[in-house]
Amino acid sequence: MPDDRPCCTWHDEEQSGGIAVSAIGDLEQGMATQLAKHSAKLRPAVHADLTVLGNFGALLLELHHELDAKRFIEPTTNTPARYAGFLNSQLSRADTVLLVAEDNDAIVGYVYAAHEGYDYMALRGPAGVVHDLFVDPARRRQGVGRLLLEAAIEKLRPWGLTASCFQPPT
């Protein structure tokens with residue numbers, strides 16, 4: 001389903017659960033969102049981003065493996081290319097969201113989310129599921145991850161979803 005709804009930016013104001021959202025433009029139309037605290041802007045990922053996203057995906061896999069080596073696979077030297085290949089397969093899917101945060105022409109984070117149907121393993125109905133949320137370690141604690149997460153949720157809303165799932169590794 002095409003999304004003609006605006007994306008959003010975060011503010012520090014308290015509103016509906018401590019987070020206020022302001023509409024400022026549609027990512028698909030090339031309008032970027034900007035967090036007032038810094039100059040990171042969001043945009044849809046493109047093929048040229050895949051090398052960086054593959055490297056970020058490998059770092060994310062490494063972090064997961066460090067937290068729970070029995071549950072998550074160990075990254076290899078091929079992981080960045082394989083992860084980039086997987087994300088490449090998601091770029092043109094209408095049911096996915098793949099956004100990057102960019103600052104001074106450098107990608108500083110990304111989010112990968114999808115609209116999914118019934119999942120009887122997780123015992124849930126259709127939902128928007130955030131699969132990846134990664135911010136460059138040098139840019140953490142600056143609101144980039146929060147901006148990416150909110151934008152992904154907003155992009156999933158047109159499907160009429162009543163739930164968004166984000167399951168960090170435990």
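The values are calculated or read from the model by the stated rules, or taken from the named source; none is laboratory data. If you're wondering where the values come from, they're calculated on a predicted model, not measured in any experiment. Cβ atoms come from the backbone with ideal geometry, glycine included; neighbour counts cover every protein chain shown.
Here is a yes/no grid of residues against (1) modelled with pLDDT under 90; (2) in a strand (DSSP E or B):
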residue	(1), (2)
Val97	no, yes
Ala101	no, yes
Val111	no, yes
His115	yes, yes
Leu133	no, yes
Leu156	yes, no
Thr170	yes, no
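Are any residues in the stretch 61-95 assigned to a loop (DSSP other than H, G, I, E, B) and either surrounded by 14 or more Cβ atoms within 10 Å (Cβ to Cβ) or small (Gly, Ala, Ser) (or both), and if so, which ones? Spell out how you get there, then give the answer.
Keep residues of the stretch 61-95 that are assigned to a loop (DSSP other than H, G, I, E, B), which gives 68-78, 91-95.
Ala69, Phe72, Pro75, Leu91, Ser92, Ala94, Asp95 - these are the residues of the stretch 61-95 that are assigned to a loop (DSSP other than H, G, I, E, B) and either surrounded by 14 or more Cβ atoms within 10 Å (Cβ to Cβ) or small (Gly, Ala, Ser) (or both).
In this structure, does Leu53 turn out to be buried (at least 16 other Cβ atoms within 10 Å of the Cβ), within 28 Å of Pro158 (Cα to Cα) and under 17 Å from the mean Cα position of the chain (by Cα)?
yes
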